[in-house]
Amino acid sequence: MKLHWLAVLLFLAATLLAIAQETRQNGSAPAPSESGKQASAAKTRQPSPEMQRLFDAFLGTWSVTEQIEPSETMPNGGTGEGGEVYRIGPGGVSIIEEIHLKEPGGEVSVLGVAWWDKKARGYRAFWCDSENPAGCILMAHLAKWEGEQFVLRDEFEREGKKFDFKEVFSEITPISFTQTLYQGEAGKELKRLLTIHATKSDKSP
């Protein structure tokens, strides 16, 4: 009788061992728990139509050239060149922009984040610039699509005067787009600061 139960136990042990080895060979994994399923669904959820439009327009790596308009600090204007990368932010609810440029005055680095504010019905934009003494700003106005152009607006004060800022993404195609930055005193005509021409690069973002 003892031998009979011993044989049964050995048989069960051999069977479990065989199943474990087959699982490792086939790369199978236990079924995910309910919480695991929810976490997976959160990672793969579809972006909103508003964010998808930005993703379709800008995701990827871009080579850029810059034309800087004459100003008090740069009377003759100037040129710059560098790269620009757009990638999807955490959870697919934002888009992250990174720019690195070589300008006559030195190297410039920029980090931007934009997301859709459903309640306000517009995009919010957060902007960090190596040339901005304050470091980062949250743009005062909502960014919006105006026809086929994506437009960001801001306002700020300097030496007791109010200024308006506008950035326009135009001529958007799958392989290129143009960024034009404008600025001027509030209530007056905005002057063009610089223009960036971007061309899709083969490099991975």
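I need the full set of residues from region 148-173 which are within 19 Å of residue 123 (Cα to Cα) and not in a strand (DSSP E or B), in order please. So that I can check it myself, show each step before the final result.
Looking only at region 148-173, we keep the residues that are within 19 Å of residue 123 (Cα to Cα), and these are 148-156, 164-170, 172.
The answer is 148, and nothing else.
Take the residues in region 77-95 that are of a type outside the set (Phe, Trp, Tyr) and buried (at least 17 other Cβ atoms within 10 Å of the Cβ); name whichever of them is farthest from the chain's Cα centre (by Cα).
Initial filter on region 77-95 (of a type outside the set (Phe, Trp, Tyr)): 77-85, 87-95.
In the following step, the residues that additionally are buried (at least 17 other Cβ atoms within 10 Å of the Cβ) were identified as 80, 82, 84-85, 92, 94-95.
On the way: 80: 22, 82: 17, 84: 11, 85: 8, 92: 9, 94: 6, 95: 3 Å.
Here the residue is 80.
Quick one: how many residues across region 163-178 are in contact (Cβ under 8 Å) with a residue 40 or more places away in the chain and within 11 Å of residue 151 (Cα to Cα)?
Count: 1.
Going through region 153-177 one residue at a time, which ones are of a type in the set (Val, Ile, Thr) and surrounded by 15 or more Cβ atoms within 10 Å (Cβ to Cβ)? Please lay out each step first, then the result.
Quick first cut of region 153-177, residues of a type in the set (Val, Ile, Thr) only: 168, 172-173, 175.
Passing the criteria: 168, 172.
Going through region 179-202 one residue at a time, which ones are in a strand (DSSP E or B), surrounded by fewer than 15 Cβ atoms within 10 Å (Cβ to Cβ) and without any contact (Cβ under 8 Å) to a residue 60 or more places away in the chain?
Selection gives 185 alone.
Quickly run through region 145-179 and pick out the residues that are within 21 Å of residue 72 (Cβ to Cβ), more than 19 Å from the chain's Cα centre (by Cα) and modelled with pLDDT of 95 or more.
Our first condition is that a residue be within 21 Å of residue 72 (Cβ to Cβ); within region 145-179, this holds for 154-167.
Keeping just the survivors that are more than 19 Å from the chain's Cα centre (by Cα) gives 154-166.
154, 155, 162, 163, 164, 165, 166 - these are the residues of region 145-179 that are within 21 Å of residue 72 (Cβ to Cβ), more than 19 Å from the chain's Cα centre (by Cα) and modelled with pLDDT of 95 or more.
How many of the residues making up region 110-130 are surrounded by 13 or more Cβ atoms within 10 Å (Cβ to Cβ), among the small types (Gly, Ala, Ser) and modelled with pLDDT of 95 or more?
Summing the residues that are surrounded by 13 or more Cβ atoms within 10 Å (Cβ to Cβ), among the small types (Gly, Ala, Ser) and modelled with pLDDT of 95 or more in region 110-130 gives 4.
Applying the selection to region 131-150, what residues are farther than 19 Å from residue 162 by Cβ and either among the charged types (D, E, K, R) or surrounded by fewer than 10 Cβ atoms within 10 Å (Cβ to Cβ) (or both)?
131, 135, 144, 146, 147, 148
The values are calculated or read from the model by the stated rules, or taken from the named source; none is laboratory data. Given the structure is predicted, the values throughout are model-derived calculations rather than measurements. Reconstructed Cβ throughout: ideal geometry from the backbone, glycine too, with neighbour counts over all protein chains shown.
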